[in-house]
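Have a look at the structure below before the remarks.
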Amino acid sequence: MYYVRWLMILWIVCSAFVQPLIYSSNNGLVIFRSEAPFELINASSKELKGALDLSKNNFAFRIRIRSFEGFNSPLQKEHFNENYMESEKFPEAVFNGKIIETIDYSKKGKYSIRAKGKLIIHGVEQERIIKSDLEVTEKGIRIISQFSVLLSDHAIPIPRVVKEKLANEINVSINAELYAK
Amino acid sequence: MRNSLVILVLSCFLQSNAQVAADAPFTFWQQMLSEQAVTGKMQCMVFSKNHCMYIGTAAGLYLYNGVTVTAIPLKEIKTANITALHEDANQVLWIGLQNGSILKLHNKQSLLFKPQEGTPASAISKMITDTKGRLWFATKGEGIYLQDDNKIYNINTDDGLGDNYVYDLELLPGNIIAASTDKGLSLCSFIQSKKSVQNFSTANGLPDNIVRCISTDPNDSSTIWLGFQQGEICKFSLHTRRVQLVTVPQLKDKQVNDLLILHQQVWVTTDNSVVQLSRESQLIGTQNPGNPTQLMADAEANIWLISKTGLLKNAGEKLQLIAQPLPGEIPEIHDVWQDEEQNIWYSIKGAIVKYHAAKKQKTIIPLPGVDDKSDITSLYGDDENNLWIGTMGKGIYLLNTKTNLVKRMNGLPGNESMSILSVTGRNSNIWISSLQGIYHTTVTNDEYFFQNLTELSGIGINYIYHIYEDSKQRVWFATDGKGLVMMNNNRFTHYGEKQGLTAKVIYSVTEDKQGNIWCAALQKGLYRFNEKTFTNFGLEKGLPDLDISSLDTDNMGNVFCISRSGYFLIDAITQTVILPGNEYRLGSFNTDLNSTSHTASGVLFHTGNGIFLYAKPPYQQINLPQTSITAVSLFLKEISTSEQKEFAHDENNFSFSFAGVFFSNPALVQYQYKLDGYNNEWQTSKNNEVNFPKLQPGTYTFRVRSSATGFFDNSTEAGYTFTIRKPFWKEWWFVTGIILLVTGFLVYVIKEREKAAQKWQQLQTEKLQSQYETLKNQVNPHFLFNSFNTLLNVIEEDPQKAVPYVEHLSDFYRSIVNMREKDLILLADELKIIEDYFFIQKKRFGKALMFENSITEKEKVLYSIPPLTLQLLAENAIKHNIVSKDHPLVLAMYIKDEILSVSNNLNEKSTREKSEGMGLQNIKNRFQLIAGKEVKIEKTTTHFIVQLPLIKRP
C-alpha cells in the first residue's frame, strides 16, 4: 500500500502542472418532448452528469430518471417512472463512447461533432451516432445536442390506450457545460 | 428439424407511382422471403460454393435454395445472433456472432471456434480469408484479428489501427486487408509475423472519418469504393492514394449501409433507399424497399438485398427497364433503337421518339407525310448517325440522330408509296425488304444509289420478313414460303428440306458467336445451320414456345429470342436453351416480327411495360440450375455422405433430397434422377425428394440433374455412390463353408447309417445263428434222447412225477421259442429257462449236477441279457465235462460289478462231444453287437469261467 500512496501523491503533484484533460459537469440540462396527436409532453432535468476526456476523446454522460420534472400532471410523472421507465429497476440513462472528430481543444470555437457510443435507456443498449455541437469557450466546453429516441428501440411499451397520447419518437435535447476538474 | 417453408414468390414492385416511373427507370424488386420466413431479423447473407444462400439472422442460421428455407441448428450455442457470415475455399462456413463468438460449419456439423487465445467479446462485423487461407475477422470494438499458423493475432489501435471499431474488411491484391473504421480507412498486412497498418482519414482527403463499407471494383483492381456515415461515397486509388469523391445529391446525410460495384452500375443502400448509379455516377433510379442493408450479387448475376420486409431479389444489370413510354405510346411502338449516346429511339404513330434516361429528355420527331394510318415498321441506325425508318406505304425516311432532321429517301424509286417490312444493315451496307422488292445500298454522305435484287434472287415479289448480313458478308433472306435464301457474291442459294430445313416460312435470321446461322420459322421453332445441315430446335430441346417473332444475338454472341411467352436465350457453345429469369412486371410481349435491336451493350426489346435492355453481365457464371444433393437419409435419418459410403445388408431404405438452385426462376426447376444399379432410366420429377426402400445388396450411384426447360443435356449433375454389403450368409466364404459342412455332415450320417445297418445285419445274422444253434441243440437227438430216457425212467418209477417233468420240458421249449426272436430279455426270464433246463438235466444226473445260483431277486429284474446265453453256457458245461457222482459238475452263477460270472469246475471228457465251438463265439458276438461289451472267457486248471457284462434294463 505504501507505493500506491506514493503514486497517488505523484499523480496529484503532476496533475497540478499539466493542462487539465478531464472536463465534467454535474448540472447539464436534458429536455425531452413527446409530440403525440392528442398530447404534448415536456419534461426536463438539470441533473445531467458528464465527463469528457480530451486526451482520449472519450465521454460519459448519465442522468437519473427520477430527476425529470415537468409533465402534464403528477400522475403522468408517476406513470413515467413506474410504468414506462421502471425507474426502480433502471434508475439511470447512460450514454458513453467517443467523439469521432478530432478537435483542437486549445482553439476556441464551435465544432460540429459526432458522438458515437452506447446509449442505455430502460436497460436496453443501442449503438448510436449522435450529432452535436461542441463549443470550446473561455470557461470550459459546452455541448448542445438534439436527437431522437425511439421507445421501441429500448423496449419501452406503449399501451394501446395511450397510443394517441404518447409518441414513439421522443425528441431529446441536451445542453451541458463542462468545466475542467 | 426440417423447417421447410414454401415461400410464396410474390411479385412486388416497390415503386408504385407510374408517373414517377415514367421519368426514372427502375428495377423491380421481387420478394423472395418474407421477414416471417425466418426467426429473427435478417442480418447477413453469403453464397455457398454449391450456389445456395446462407442467411444469418438475429436468432439463427438458415439455408435458402430459392424455394425452401431450412433452419440449420447450431447446438453449441443457446442464441445465435449472427452478425457476419463467410465461406472459405474449403467450404467451411464461418459464423460470427454479436457476442464475439465464432462458429464453424462444415459438412452440416457445427463447431465452436476455440483458439487458445480466446475469442473477442465484441460483435464480429466481417470475416474474410486471404489467398494464404488466413482468416481475418473484424470486431466492433477490438480491432481486427487474424489467424495465422493456428495462432491468433490482434491488430488494434496499439498497432496503429485508426480505431478499434471496424465495420468492414475487404481483401486487396497482395493480401492487403482494407478495414473501415470510425477513424477512416486502414490498409493492413501481416507478413512474417510483422503487422503493418496505414491509415487514411479526413486528413488524407476522405470526406468523413466513419467509413461504413468498402467495396472492390470488378473492373479495376487498383480502385476501392468507400461508403461513409454522412452519405458520401468515394473512389480510392490504391496506387496514387487519391480520393475521388462521387457526388450523389440523393445520398446527402444518409448513412451508407452497403455498396455494390457492378460492371456498369453502382448500387448503394442507405437506411431508407436503394440508389442505383451508373459507373459515371449518374443517377439511374432510387427506391425505398424499407430499411435496405446488405447487397449482394449471385453467380446468376441476380442482385439480392436484405431489407426490413425480407429478402429481395432482382435481375440486376441483366435486365433493365431503360425507358418507360407513356401508356398511350406503348401499343404504337413497333421497333426500338439505341444510339451510342444512350439515346433511345422508338416509333409511335406518325413520329419517332428520342429519349434520354439520364438527362430525362424526351423529343418527339414527327415524320412529314406519315399519318396515323401508316405504321412505322422498322428502325435501323447506321454508323453515320442516320436512323433509317421504314414505313408502311410511305417508304423510307432518314433521320439524323444528332440534328433530329428528317428527310425522305429520294434515291429509291417509288419510295413515296413503298411498304417497308424491314431495314437492316451491317457496316456500310443497308438492306431493305419491301413489298415492292429487295434493295441494297451503301451508306454515303452523298446521293444514295439502290441496287434492286428482286429479279436476281429468284424469290420473286414475295414477303421477305428479314434480311440479315452475317460476319462473312453473306446475306440471308427469310422468306414467306420459300425457306431461307442466301446470297454470296451475287449468287443465290436456296435452303429447304434437302438441307434439313423443313419449314417454308422463315421470320428471322441471326448469327451466333460460333458462326452458326439461326433462323426462326413459323410454328417450327428454330433451325441452326452449321454450314452443312439444319438442325431443328423445338419443344423437346426445351424451347418454351414454337413461334419466335424476333431473333437476335446478345452482347456475348448468344442467341436471343422473343416469343409470346417471353424472352429466352440459347447458349452459342452448348446450344442449351436458357430461361434467364422469371421477370415479373415485364408485361405482355410484343409479337411484331423483328422488333429487337442489337446494340453494343445488349439487346433492346419492348413489351407492354416499356423498353428493356438485356445484357449478360461478365460476372454471370451460371445460367442453368445448379444441382446438389442436399441430404441422404437412411430410414429417414440423415447420414453424412462424406463419411458413410458402406452399409450393412439391412440398411437398405434410402431417401435422397436434392436441389436445383436456380434463383432466376426457381418455379421452373424440374429434376431427373436415377439410381445406377437399380434402374437405368432417368425419372423426371418436380419433387425434390425420392425414396428407395428395400434395396438389394450391391453398389449404387444416385444421380440427379436439374433443368429449367425440361431439356436435360448439358444440365448440372450431382451424385452419391454407396454400397450395401451382402449379408454374411450370402458371402462366398460363408456359402462355401456351409456347403462343406453340410456335405461333411451328410457323409458322416450316411457312413453312420451304413455302419448301423451293417451292425444290425450282423446282429440279425448272429441272432439267427444263435436261434438256429439253440434250436439245433435242443432238437439235438442226444438231448431229446436223454430227455426221453429220463422221462421213461420217471414214468417207470413214479408216473406222477412225469407230469412236472414234461411240464418243465414243455416250458423250456416254449421259452426257447418265445425268446429266440428278442435281442434282450430280463435276467429273471433267462434264469427261468435255466431252471427248467436244470430241472430236466437233474432228473438225468441227479446229484452229480449242482447249480449254485447266488443272484438276488433284485438283480434278476435289474439286468437284461441276450436270450439263451446262460442256457448255452450250461449246456456247454454239461456237454464238455464228466458229470458223475464221483465228479459232480457244479455250475455257479454270481454277479459282481455288473458282471455275471458263470463258472463250472473242470473235469473234461476225454472224448469230446461233437461241437462246432460256435456257441461261445456267438455269445461273444452278440454281446459285442448289442452292448458293445466284451465277454471274457477264462480257463484255469480247475475252472472254466465266462464273464458276461450285464446290460442294465432299459
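The values are calculated or read from the model by the stated rules, or taken from the named source; none is laboratory data. Not measured: the values here are computed from a predicted model. Positions of Cβ are backbone-derived with ideal geometry, glycine not excepted, and every protein chain shown enters the neighbour counts. Ligands, DNA and RNA are excluded from the accessible area calculation, which covers all protein heavy atoms including side chains. Shrake-Rupley method; radii C 1.70, N 1.55, O 1.52, S 1.80 Å.
Looking at the stretch B:256-356, the GluC sites (Glu not before Pro) that sit in a DSSP loop and have at most 14 other Cβ atoms within 10 Å of their own Cβ are B:Glu280, B:Glu340, B:Glu341. The GluC sites (Glu not before Pro) of the stretch B:648-694 that DSSP puts in a loop, and whose beta carbon has at most 11 other beta carbons within 10 Å, are B:Glu681. In summary, the lysines within cross-link reach of B:Lys767, defined as a Cα separation below 21 angstrom excluding same-chain residues under 8 places away, comprise B:Lys755, B:Lys759, B:Lys776, B:Lys822, B:Lys832, B:Lys924, B:Lys933, B:Lys936, B:Lys952.
With the whole protein complex present, B:Ser125 retains an accessible surface near 20 Å², based on a 1.4 Å probe.
Of the peptides B:178-185, B:749-756, the order by per-residue mean of other Cβ atoms within 10 Å, starting with the highest, comes out as B:178-185, B:749-756.
Remark: the stretch A:21-180 carries a charge dipole of roughly 380 debye about the Cα centre, counting +1 on each Lys and Arg Cβ and -1 on each Asp and Glu Cβ.
Here the translational diffusion coefficient of the stretch A:21-180 follows from Stokes-Einstein with Rh set to the Kirkwood radius across Cα pairs; for 37 °C and 0.692 mPa s it amounts to 201 µm²/s. Computed with a 1.4 Å probe over protein heavy atoms only, the accessible area of B:Thr510 comes to about 0 Å².
Kirkwood radius for the stretch B:492-570, taken over all pairs of different Cα atoms as the inverse mean of 1/r, rounds to 12.5 Å.
Couplings for the stretch B:29-37, taken from phi via the Karplus curve 6.51 cos²θ - 1.76 cosθ + 1.60 with θ = phi - 60°, read 8, 10, 7, 9, 10, 7, 5, 7, 5 Hz in order; Gly and Pro are left as x. Here's the list of lysines a cross-link from B:Lys235 could span, going by alpha-carbon distance under 23 Å and ignoring same-chain residues fewer than 8 apart: B:Lys126, B:Lys183, B:Lys252, B:Lys254.
Computed over the Cα atoms of the stretch B:483-535, the ratio of the radius of gyration to the Kirkwood radius (Rg/Rh) comes to 0.94. Here's the picture: a label point sits 7 Å out from the Cα of B:Arg474 along the beta-carbon direction, and within the stretch B:431-462 the residues with their amide nitrogen under 18 Å of it are B:457-459.
A simple spin-label model places the labels of B:Asp713 and B:His106 4.1 nm from each other, with each point 7 Å out along Cα-to-Cβ.
Against chain A, whose longest principal axis comes from its Cα atoms, helix A:2-17 is set at around 90 degrees.
Under 14 Å from the Cβ of B:Ser457, count the other residues' Cβ atoms, weight Lys and Arg +1, Asp and Glu -1, and hand me the total. Within the 14 Å Cβ shell, the charges total +1. Accessible surface for the protein assembly as shown, divided over its residues, is 48 Å² per residue with a 1.4 Å probe. Show me the GluC sites (Glu not before Pro) within the stretch B:858-954 that DSSP assigns to loop and that have at most 13 other Cβ atoms within 10 Å of their Cβ. When the GluC sites (Glu not before Pro) of the stretch B:858-954 are filtered for loop state and at most 13 Cβ neighbours within 10 Å, B:Glu913, B:Glu916, B:Glu934 remain.
Placing +1 on each Lys and Arg Cβ and -1 on each Asp and Glu Cβ, with no other charges, gives the protein assembly as shown a dipole about its Cα centre of roughly 2700 debye. Near B:Val248, once Lys and Arg are set to +1 and Asp and Glu to -1 for all other residues with Cβ below 10 Å from its Cβ, the sum equals +1. Remark: spin-label model distance B:Leu636-B:Ala58 equals 3.6 nm, labels positioned 7 Å along the Cα→Cβ axis.
Within the stretch B:185-229, the residues that become at least 10 Å² less accessible when every protein chain is included than when their own chain is isolated (1.4 Å probe; DNA, RNA and ligands ignored) are B:Asp208, B:Asn209, B:Ile210, B:Gln229.
Here is the interface size for A with B: some 800 Å² of accessible area buried, both sides summed, with a 1.4 Å probe. Each helix, a run of at least 4 DSSP H residues, gives -39500 (n - 2.57); summed and divided by the residues of chain A, these come to -3500 deg cm²/dmol at 222 nm. With contributions of -39500 (n - 2.57) from each DSSP H run of at least four residues, the per-residue ellipticity at 222 nm computed over chain B stands at -5000 deg cm²/dmol. Each pair of Cα atoms in the protein assembly as shown enters the Kirkwood radius, and Stokes-Einstein at 37 °C and 0.692 mPa s then converts it into a translational diffusion coefficient of 82 µm²/s. Evaluated at q = 0.08 Å⁻¹, a Debye calculation over the C-alpha positions of chain B (equal weights, vacuum) places log10 I(q)/I(0) at -0.90. For the stretch A:106-134, a decrease in accessible area of 20 Å² or greater in the assembled protein chains relative to the isolated chain, with a 1.4 Å probe, applies to A:Arg114, A:Lys116, A:Glu127, A:Ile129, A:Lys131. Ligands, DNA and RNA left out, the 1.4 Å accessible surface of the stretch B:35-160 is 45% carbon and sulfur atoms. Taking the 1.4 Å solvent-accessible surface of the stretch A:21-180 as the whole, the part contributed by carbon and sulfur is 51%. Hydrodynamic estimate: the Kirkwood radius of the stretch B:554-637 over Cα pairs, inserted into Stokes-Einstein at 20 °C and 1.002 mPa s, corresponds to D of 145 µm²/s.
Across chain A, the relative contact order, built from alpha-carbon pairs under 8 Å that are at least six residues apart, equals 24 percent. Computed over chain B, relative contact order equals 5 percent, with contacts defined as Cα pairs under 8 Å that lie 6+ residues apart. Per residue of peptide A:91-103, the mean number of Cβ atoms on other chains within 10 Å of the residue Cβ is 2. Once the Cβ-Cβ distance of B:Gln921 and B:Glu852 is raised to the sixth power relative to R0 = 35 Å, the FRET efficiency obtained is 0.85. Suppose R0 equals 25 Å. What FRET efficiency, 1/(1 + (r/R0)^6) with r the Cβ-Cβ distance, do A:Glu88 and A:Glu164 give to the nearest 0.05? So the FRET efficiency works out to roughly 0.35.
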